[in-house]
Amino acid sequence: MKRNIIIISCLLVFLLPVVGGCKPQTTQPTPNKPSATNTKKKEVEPGQYLPLSQGNYWYYQGRGMEYAAFNRKVLYTKDNLAQLSEDNGGTVTTTIYETTPSTLKRVYFEGESYNPPNMLEEGFTPNENAIILKSPISVGTKWDNKDHRREIVDVNASVDAPAGTFQPCLKIKITSDNSTIYEYYKKGLGLVKREFITDETTITSSLEKYQVQ
């Protein structure tokens, strides 16, 4: 039993763990017709679902396993990179995310990282290339990472958590050989809930407290 808990804990850690001018007219102006550029709805960027301003933090209540509860903090930011620390009571990890107009990507992960320096200033070597979210933000968007597949299965999910009820949320299905995880993200807030399902075991992490700039 203890060995199974350790295996599930490791899975949780590793899967978790963005003007032109006009020449004045000399004749009677006519009403401007909206151009295709002006009327086209701007694409929602994946990074909007995990705001990574320095000082942001999230605390999660856990059920099903002692390591399901964890906290996540943004320690440093630089350009389109953000360095986070995550503590689940058993270990502390360091993660670096990269945001682009089309992806939210995890580019670095380090376990047992208790007093990390500012790696964005000191330099780091990317050791991951895991896409967490990808555009277009719509049902059916799917992509493969090294050891799992992610798919957007809902864009209007309602999620109950200790911190409140959140809607609309993205619902992401994460499938690997031995487990299924569902993650729920609220635009402008971040991860609201995670459900880890394997065999007859269900482990949840639900947002309890947060600060987002």
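The values are calculated or read from the model by the stated rules, or taken from the named source; none is laboratory data. Being a predicted model, the structure only gives us computed values, none of them experimental. A quick note on method: Cβ atoms are made from the backbone with ideal geometry, for glycine too, and the neighbour counts reach across all protein chains shown. Note: accessible area is taken over every heavy atom of the protein model, side chains too, but ligands, DNA and RNA are not part of it. Shrake-Rupley method; radii C 1.70, N 1.55, O 1.52, S 1.80 Å.
Before moving on, here are some points about what is shown:
- Being open to solvent by 40 Å² or more (accessible area, probe 1.4 Å), of a type outside the set (S, T, N, Q) and at positive phi is not true of E121.
- Members of region 175-210 that are exposed (fewer than 13 other Cβ atoms within 10 Å of the Cβ) and on the phi > 0 side of the Ramachandran plot: G188, D199
- Any chance K146 is touching a strand residue (DSSP E or B) at 6+ places or on another chain (Cβ under 8 Å), of a type in the set (K, R), over 23 Å from F70 (Cα atoms) and at pLDDT below 95: yes
- Residue in region 153-174 that is open to solvent by 30 Å² or more (accessible area, probe 1.4 Å), modelled with pLDDT of 95 or more, touching a helix residue (DSSP H, G or I) at 6+ places or on another chain (Cβ under 6 Å) and more than 24 Å from E66 (Cα to Cα) present: no
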